[in-house]
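Since the structure comes first, as structure tokens, the remarks are kept for the end.
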Amino acid sequence: MALTALPASARAEPGLPQPSPTHDPNPDPLANPDPLANLNPLANLDPLASLSLPDLATIPGFVLGDSALDGPATGPARDPGAPGAAGGPSSEPLLPALSNPRMFHGPAFDTCMAPSLDTMRRWQSSKYGAVGVYYGGRGRACPHQPRLGHRWMKGVQRLGWRVLPVYVGSQSPCVVAASKKPYRIGRHAWRQGVREGRDAVRRATAVGIRPGSPLYLDMEAYKYRQKKCARTTLTFVRGWDRQVRRKGYVPGFYSSADSGVRHMRAAARAGARDLPSVIWFARWHTRPRLAQEPVLRGSAWSSRRRIHQYAGNVKERHGGRTLVIDRNLVHAPVARIR
């Protein structure tokens, strides 16, 4: 996942990675744990088609934006805050501003288990300036991280590294990788997303990741065109994003470009709220590029909101130490370590 939730050596399809502060004035909608249950899913839409918001509003039961949280849909509705509600339709989602984030622009790597501080010191000779770490989540391929704690975080920061924190929580009900199926989202997707969002923040705080930092949710490749699955997955992601954002962190999202990222783009075009602020897309066997990703053409996830994972399951050796890594190009927020 944005890293890949599976160890690189376990990925089945080399071209498709497999399972591996802003104030929110809206109340926590736990009384309605599945606020999108009455919406037609977005997964059956072509995310790159020229569908305007008025077109989408004609779908029976479709409701724009946070009006979905008010209860069952009774017919088409307009959200005055949604893109295109005034001044004509737009394909741009309304994303919260990044509030003075700590940014990094350059190459980064991620690996299943956090390397030792000595290895990180030796790898200073590499081209990389940031490292992705799987700091929490029940779906991690490497759940036991003996080195990954506050001391490690402070140590890599002193060495000059930037950190991309990755949370591998529950996975889509139609996740592709068999190894991720035991971690599928349950019946109450919104409530589960909120709960895991709290856990992501709690675990980040425990290892010294301060508010204002991004937390990247790893959602491995899934069959997003399956309607019920798409609805459940999007509901979970929105609940997770809202909770993380409420706690003062920046919600990010990792998935393959042609599944989860394509799905989020469709949701953005439809005016959905509580979407990720940063997108980490996996498209392997290409040159590293942030601006030319076809799925994100014209997207609001543009300046300082993208990470491209362009290669995986590769061995590199620096300073006498070899790691199996994924390669990334980053222009996005990184962690603030206390």
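The values are calculated or read from the model by the stated rules, or taken from the named source; none is laboratory data. Being a predicted model, the structure only gives us computed values, none of them experimental. Cβ: placed from backbone, ideal geometry, glycine included. Neighbour counts: every protein chain shown. Areas reflect the complete protein model, heavy atoms only, side chains present, ligands, DNA and RNA absent. Shrake-Rupley method; radii C 1.70, N 1.55, O 1.52, S 1.80 Å.
Annotations for the structure displayed:
- When the solvent-accessible area of segment 205-265 is split by element, carbon and sulfur atoms take up 45 percent of it, the probe being 1.4 Å.
- Mean Cα-pair separation over length for segment 263-338, i.e. relative contact order, pairs under 8 Å, 6 or more apart, %: 29 percent
- Cα gyration tensor shape for segment 214-338, rounded if a/c is under 1.5, else prolate or oblate: prolate
- Packing-based ranking, highest mean first, of 194-204, 290-300, 216-226 given that Cβ atoms within 10 Å are counted: 216-226, 194-204, 290-300
- Only lysines eight or more places from K181 in sequence, or on another chain, were considered; those with a Cα closer than 27 Å are K223, K227, K228.
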